Amino acid sequence: MEENKSIAAVADTIYLYSCATKGVAPEKDNIDYNAAWNLCKKLKIRQTVAYAVKLGGINSLSASVYGEAQSTYFSGAVKNQKRIEATLSTIKELENAGVEVTVLKGFDFARNYANPYCRSSADSDLLVDEKDEEKATSILKGIGYTVKPHSEESHHAECTHPEAGLIELHTRLWDNEIDILSFGNAQKEFIGSSKKRVDFCSEKISVLEETNSLIFGIFHSVKHFVVSCCGLKMLFDIALFAEHNEKFIDKKRLAETVDSLGYSSFVGAIFRVFGKYGNLNLGEYEKLFPCTDEQEHSLLVHIAESDMDEKMDVGGNNAQYSFYLTNKRKKMGLLFRIKKALSVIIRIAFPKPSSLLERFPYLKKHKYLYPVAVIQRAFERKKGIKRATMESLVIHDKEYTQSDLNRISTLKDFGLIQ
């Protein structure tokens, strides 16, 4: 009974979210607004659903929830508008200085919303060429950003600004090992592919072409799904983008890419769930990626149980992700794991000089002490080197909680692990 209530709340929330993206008032009867509103808080999508509530008017729900929704929407929309405008201004600064910037996800997905300011977001992802990274970070510092350079383990720098918020400045899309294990070495193709100039909030931005953007969105959701959870917004963005850009999508390449990696059932569940409950026209995609009723149900349960406050970043520090990596590494064989262990040792023990400058300021005046800094850092990181090497080489036997086993079972249900 409780699970049925949770599924009903997810269905109502998807419907309300869809209304917001289309800019239409909810017309569905018997919506449990209290249950949906509580779920929205956990999923961090209240700003978007509040817009649907605003469009619906006070007669569609209780006065208390309506008042809270109004306040949530207006405060969130104003903040989001400032963030978007500041980020677009930043992109223009970089491009005027000769840095090519590709916007990933965020704004590319938000332009499919009737009101892009109702789409909540905690950050913006920008891709630049590796040769332009130092120039880009210098420009960002000059216009008021605080820049935290990416570490050896990270694939992006974190750049924060009072108005633009957090910008993740990428030179890679994800960790190289994940690229091999999960995405068939697709990273170079994405980075080197042709880009497209599109309109967004009265400005021009560069984005991935439509098929690559959809595939990248799918890959991103798979990554988060195997790590911890992917929320309703992330999944709805994929479905909405697919619907809005259907005439531009190379469905043959999409199907071949998704099928080759074993993600068809997961993607099929996304299209079925959001087509059914979000009233999106995704019939052609559902034909490409059939899924079972059980897989549809599993995705609905996953959304119901997701908690974005407890969501973990990619890092391999939770049970189901460790199981996933171990499963994938085992399939790749011992030689792959040895190469991975060696690359970890080299990456941690012998970092780029630029990354050492932040840790050891004495290098700024005494560059000849670089070998000393390398030894000092290797000594400091010896535990990390040992742990990462063992994780690469050893197939671990772990004790799993029932919750861990349930999540691992869900990954198996979708064919994401064997």
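For region 196-234, the set of residues classified as farther than 30 Å from residue 322 by Cβ and either acidic (Asp, Glu) or at pLDDT below 90 (or both) consists of 199, 203, 209, 210, listed by residue number.
Is one or more of the residues making up region 53-69 under 30 Å from residue 157 (Cα atoms) and either modelled with pLDDT of 90 or more or in contact with a helix residue (DSSP H, G or I) (Cβ under 8 Å, 6 or more places away or on another chain) (or both)? No, every residue in region 53-69 fails to be under 30 Å from residue 157 (Cα atoms) and either modelled with pLDDT of 90 or more or in contact with a helix residue (DSSP H, G or I) (Cβ under 8 Å, 6 or more places away or on another chain) (or both).
Is it the case, given these coordinates, that residue 28 is over 28 Å from the mean Cα position of the chain (by Cα) and of a type in the set (Lys, Arg)? Yes.
Whether a residue is closer than 30 Å to residue 255 by Cα and either touching a Ser or Thr at 6+ places or on another chain (Cβ under 8 Å) or in the same structural domain as residue 76 (by TED's automatic domain parsing) (or both) was assessed, and residue 186 passes this test. Within region 90-140, if we keep just the residues that are of a type in the set (Gly, Ala, Ser) and part of a helix (DSSP H, G or I), the residue that is surrounded by the most Cβ atoms within 10 Å (Cβ to Cβ) turns out to be 136. Is it true that some residue in region 194-209 is touching an Asp or Glu at 6+ places or on another chain (Cβ under 8 Å), closer than 24 Å to residue 39 by Cβ and surrounded by 15 or more Cβ atoms within 10 Å (Cβ to Cβ)? No, because not a single residue in region 194-209 is touching an Asp or Glu at 6+ places or on another chain (Cβ under 8 Å), closer than 24 Å to residue 39 by Cβ and surrounded by 15 or more Cβ atoms within 10 Å (Cβ to Cβ).
For region 34-45, state whether one or more residues are in contact with a helix residue (DSSP H, G or I) (Cβ under 9 Å, 6 or more places away or on another chain), modelled with pLDDT under 90 and of a type in the set (S, T, N, Q). Yes, that holds for at least one residue.
When 13, 21, 87 are checked against the criterion of being farther than 16 Å from residue 236 by Cα, assigned by TED's automatic domain parsing to the domain that holds residue 207 and surrounded by 22 or more Cβ atoms within 10 Å (Cβ to Cβ), 87 stands alone in meeting it.
The values are calculated or read from the model by the stated rules, or taken from the named source; none is laboratory data. If you're wondering where the values come from, they're calculated on a predicted model, not measured in any experiment. Glycine gets a Cβ as well: all are built from the backbone with ideal geometry, and neighbour counts include every protein chain shown.
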